[in-house]
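Coordinate-derived values only; no laboratory data. All figures in this text were calculated on a predicted structure; none of them were measured in a lab. Cβ placement follows ideal geometry from the backbone for every residue including glycine, while neighbour counts extend to all protein chains displayed.
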Amino acid sequence: MPGILTGTALRAFVHALPKVELHVHLVGSASLPTVLELARRRPSAGVPTEPSELAEFFTFRDFPHFLRNYLAVTSLVRDARDIHTLVTGLAADLAAQNARYAEVTVTPYNHVLDGMPSDDLLTGLATGRAAARADHGVELAWCFDIPGEKGVVAGRETVVFALRERPEGLVSFGLGGPEVGVGRAQFAPFFTAAREAGLHSVPHAGETTGPATVWSAVHDLGAERIGHGVGAHTDPALLEYLAVQRIPLEVCPTSNVRTGQFASIAAHPVRRLLDHGVLVTLNTDDPPMFGATLDGEYVAVAETLRLTAAEIALLAKNAVEAAFLPSADKTALTAEIEEILLQDPELLA
């Protein structure tokens, strides 16, 4: 079929596209060497200190197993230097994939609960963000999220911290952690306060549960964009609503496969979401933990769905549209994406 790329040509095209990442967790972005360094610095945390053991540690049996190990890695991050290292490491990884902008999920409650002074967290974010821009040409923004499993107290503390400190680059307010048994509606007051203060609502919903959780995120939390959201695929009315309202989904295919939600990329509902006109964006979630890259997500979905170059470029443009960027920046990035297509007219055939 005209416009369909494969192999080296596909990988080169994907890499050339200027990309935006909208769903990546700061702790989950830590490369394996970084995790090893932190684990050896703090062996009492229980994270393996040998490469082969760490690789096994990152082989997840299911979503609860992933969460337990993720929190163990979180406990390794104790001071401003650790935060700075995570931020700049992520920026370097993004720059290597021609990603220009990312909205990074940070969970202040977990860091402070583990004993990190709040000033250390804020300092690490600020210095890391400045270095990301200066050294790697990557612009970063923050989403402060609630660890849902820790209940309403975590919601209250997170929104108070977010609105009191309001660091430069903070654009949104989220909700992560397990969905089963953790209703979205109980966090409504905190999302209301965040939205009234000008932060965007971007809760996780429909990662491990069905459409009811996504509906709740929309109705109870005023979701403007939804983390994962793939559980919506079984509800035609919800798919139509998401498409008509242009509520983007931050889809993370490899993450969903690695945590056991779907057997493979081929079994993933991304095709159904696209066919229903949902504004799908591709993201990595916790890239080193899942063996994922942003380029790799595009390549895997393009190969599996046999997408044309124009369809791949549309996914990149979707992420730009869904980002909380100034309109001038969106226009410039979209123009760059279109220019990549125009460089080879055969890609538009």
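For this structure, a couple of remarks:
- Cα gyration tensor, the stretch 51-186 - rounded (a/c under 1.5), prolate or oblate: oblate
- Summing +1 for each Lys or Arg and -1 for each Asp or Glu among the other residues whose beta-carbon sits under 12 angstrom from that of Pro248 gives -1.
- Counted as membrane-span-like here are DSSP H helices of the chain whose alpha-carbon atoms extend 18 Å or more along the helix's own axis and whose Kyte-Doolittle mean is -0.5 or above; these are 80-95, 118-136, 151-165, 309-322, 327-342.
- Neighbour net charge for Ala132 - beta-carbon separation under 14 angstrom, K R +1, D E -1: -3
- Shape call, the stretch 58-115: gyration tensor on alpha carbons, a/c limit 1.5: oblate
- Trypsin sites (Lys or Arg not before Pro) restricted to DSSP loop in the stretch 111-168 with at most 13 other C-beta within 10 Å: none
- For the chain, adding -39500 (n - 2.57) for each run of n ≥ 4 DSSP H residues and dividing by the number of residues yields -16000 deg cm²/dmol at 222 nm.
- Matching the structure-derived Cα extents along the principal axes in Å against the labelled list [x] 57, 42, 41; [y] 88, 41, 38; [z] 56, 55, 39 gives the label [x].
- Cβ charges +1 (Lys, Arg) and -1 (Asp, Glu), total dipole of the chain, debye: 420 debye
- Charge context of Arg225, other residues only, Cβ under 11 angstrom, K/R +1, D/E -1: -3
- Between the stretch 19-41 and the stretch 152-213, the alpha-carbon center distance in angstrom: 22 Å
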